[in-house]
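These notes are about the structure you will find just below.
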Amino acid sequence: MSSEVRINDSPRHFMVLDAIARGMQDLNKIAKVLKINKEEVELIVNDLLTQRLIIKKEKRGFFGNKKIKISITDTGIRLLNAKKEELERKWHQAQKMYNNGKGNRAQLQTYMETNRSWVPLMIFSGIIDVLFFMTMMSFLGMALSPMEQSMAGESGAEGAGGGESSTEETSGSGAETGDTGDFGGFDAGGFGDF
């Protein structure tokens with residue numbers, strides 16, 4: 001997989017990279033949160049290691065068992081931030097098309113289909129507002145993919161219990177709320193900004 005994959009064109013690679021940036025180090029936990037099977041997560045982690053976007057260190061635990069520590073490199077953070085900025089611009093364009101031209105449904109539908117593979121990452125990263133996204137998809141008559149549905153369902157449930165006000169959750173993109181995708185910690189409430 002490593003030699004053939006262009007990481008910049010792979011949403012799942014960025015999802016795993018984002019999970020690692022948020023401090024997740026256990027491959028089982030990453031697989032569970034992202035709804036990707038563990039074998040694929042292992043392959044992606046190996047790709048990210050090969051590209052030097054993450055570092056993997058093995059330590060011995062108290063009773064001699066191995067403990068693996070995965071962390072993101074500066075290059076990985078820069079690449080992830082650049083991709084998030086690009087996706088934020090694309091999401092703003094989709095919002096603008098929806099708000100300004102509800103009459104031009106075909107153009108918006110084509111735009112959404114073109115960028116569809118990035119939607120799960122945008123949900124996971126909190127780039128787009130889930131409720132607005134679901135409204136837009138309904139307007140277009142497009143069904144959610146299973147991954148979009150599971151990510152959107154969880155972000156709505158976690159966002160409701162995440163301690164943020166409902167006005168902030170439905171206000172639009174992270175740029176409007178001042179959220180720049182900081183990797184300082186994992187805030188499940190931020191998922192509502194997708």
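Computed from the coordinates by the stated procedures, all read-outs in this text should not be read as laboratory data. This is a predicted model, so every value here is computed, not measured. As a convention, Cβ positions derive from the backbone with ideal geometry for all residues, glycine included, and neighbour counts pool all protein chains shown.
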*asked:* If I take the Cα coordinates of the range 7-75 and project them onto the principal axes, what are the three extents in Å, biggest first?
replied: 41, 26, 19
*Long-range HN-HN contacts of Thr73 with modeled amide H, under 5 Å*: Ile54, Ile55
*So what is the relative contact order of the range 7-75, in percent, for Cα pairs below 8 Å that sit 6 or more residues apart?*
30
*Return the sequence-ordered ³J(HN,Hα) values of the range 66-77 in whole Hz as given by the Karplus equation 6.51 cos²θ - 1.76 cosθ + 1.60 applied to θ = phi - 60°, using x for Gly and Pro.*
7, 10, 9, 10, 10, 9, 8, 8, 4, 4, x, 5
_Debye-sum result for the range 58-120 in log10 I(q)/I(0), which assumes one identical scatterer on each alpha carbon, at q = 0.15 Å⁻¹_ = -0.63
*Based on the mean of other beta carbon atoms within 10 Å per residue, what is the order of 49-62, 120-133, most packed first?*
120-133, 49-62
_Theoretical FRET efficiency, 1/(1+(r/R0)^6), r = Cβ-Cβ of Glu40 and Phe63, R0 35 Å, to 0.05_ = 0.70
